[in-house]
Amino acid sequence: MTSSRRSSLTMAPSFKLQRGQLRDFSRGIRSRVSTGAMPRSQMDTRSYMPVPPGVGTEENVFSLDDILLSQERLPCRTESVFPGLGFVDKSSDSRHIPEGTKMEIPLWLAKGLYERKRRVISVELPRVYREGWRTVFGADANVVDLHTMGPYYYGLGSQMLHFDSPENSEIAQCVLQTFIGRFRRTMDSSQNAYNEDTSVLVEKLDCLERALFRAGQSGLNAFQLWEKGLASHLTASSLVTNYRKRKLADLQA
Amino acid sequence: MSDGQLPAFNEDGIRQVLEEMKALYEQNQSDVNEAKTEGKSELIPSIKFRHCCLLRNQRCITAYLYDRLLRIRALRWEYGSVLPTTIRFHMCAEEVEWFNQYKKSLASYMRSLGGEEGLDITQDMKPPKSLYIEVRCLKDHGEFEIDDGTVILLKKNSQHFLPRWKCEQLIRQGVLEHVIS
């Protein structure tokens, strides 16, 4: 990883992406995206403010995004017997889960069972965080389809740090550098795609990037509304119009 | 459902989750007793496993209920204090009660602002540009009285020039449409 990567990011010269600053920057964006507390030009007076996903290795308990994220499955190996739980492993008939069974278990269960001294389970790194893929990300992060590889590449990557892998610092570095490498494109495309089909632009983005993209689009649309003088145009609440549409559909059914 | 809509309350789903939690809890209780009295420490991983499942179910249920409250709260701000029956059918009894309490809290807070009359902070969600606005009626809404006593008949497709503050809520509810010339 050479410093030439940094210079390819032609942002305002004063905006230096030092490691700590990027963390704060992305945290700022994430909290603004998720709470909907957009700058004054936000015309969409959204009152529904769902709990945002957590930042870094901390999940937010009530965040629906984090709950979905923690459903992702990880390859694991049991380091002790689980008596009476044989029915969990569908491929076996036994009453117990023996020691040394390889299973895919969801992140929430892996986090709950994992202990540093490894008496209960050991967690393997999913392929996308291993050496092989890390080299690919290092070469060019922009070509990777993070939706297929994820879709929670950044979220799950941050959570993987809970499992004390010896490769933790490499994983963290890789996730961070991948974000830096791809951010520019996400930001540019979200700020320049007005009133068009954006499905091609978002199909290779992971969930965090899609949220950022939506935030960018939201700001762009609000600005355009303001430019057209529609900033004070009163509109029906979207909650209402959709109920009416649904009612019509029910009648027609 | 990321647009803030309130779907019907999933009574069945919640009941199933609570039943599963009860079963897990009872199995763990008996395992814990066995481990304590007979010293079977090999049961501990399974106890931990079931406990994780219990915590997960608890988290999912509370997040579900909390998210629904956030949506119901948004309804007060975006729609008004009287909800249409279609939406009310989607709420369980406790949620209706919560909405009523929230309305009361909001009302007493608004009364405490701005001197004697209070201040309706659910108005002027977008910065107003004029006192009066042109509106078109989208559906029959009957008679409507404005501050100076005049009564207006809100018939479908009729257009009127009315004070902004009287129309705001009807526009949000989809009865009137703000016409920009």
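Just so it is clear, none of the values below were taken in a lab; they were calculated from the coordinates. Predicted model only: the values in this text are computed from it and were never measured. Cβ atoms come from the backbone with ideal geometry, glycine included; neighbour counts cover every protein chain shown.
Relative to its Kirkwood radius, the Cα radius of gyration of region A:134-180 gives an Rg/Rh of 0.95.
On the principal axes of its alpha carbon atoms, the protein assembly as shown extends 83, 61, 50 Å, with the longest extent given first. What you get for chain B, charging only the Cβ of Lys and Arg (+1) and of Asp and Glu (-1), is a dipole of about 320 debye around the Cα centre. Taking every C-alpha pair closer than 8 Å and separated by at least 6 residues, the mean separation divided by the residue count of region A:59-176 gives a relative contact order of 24 percent. Fewest-first ordering of A:S80, A:S122 by other beta carbons within 10 Å of each residue's beta carbon gives A:S122, A:S80.
Which three numbers, in whole Å and largest first, are the semi-axes of the equivalent ellipsoid of region A:106-194 derived from its Cα gyration tensor as √(5λ)? Before the final figure, lay out each step's value.
Numbers: eigenvalues 167, 39, 20 Å².
Listed largest to smallest, the semi-axes of region A:106-194 are 29, 14, 10 Å.
For the peptides B:131-138, A:90-97, the ranking by mean Cβ contacts within 10 Å, running from highest to lowest, is B:131-138, A:90-97.
In summary, the convex hull built on the alpha carbon positions of region B:1-150 has an orientation-averaged projected area of 15.1 nm².
What share of the DSSP beta bridges in the protein assembly as shown is antiparallel, in percent to the nearest 5? If we restrict to bridges inside the protein assembly as shown, about 100 percent are antiparallel.
All Cα-Cα distances of region B:46-90, cut into 10 Å bins from zero to the largest, leave 24, 32, 21, 16, 8, 0 percent in each bin in turn.
With a threshold of 24 Å on the Cα-Cα distance, the over-threshold entries among B:K103/B:K126; A:K102/B:K48; A:K228/B:K126; A:K204/A:K228; A:K228/B:K129; B:K103/B:K139 are A:K204/A:K228; B:K103/B:K139. If you wrap the tightest convex hull around every Cα atom of region B:71-181 and split its volume per residue, you get 130 Å³.
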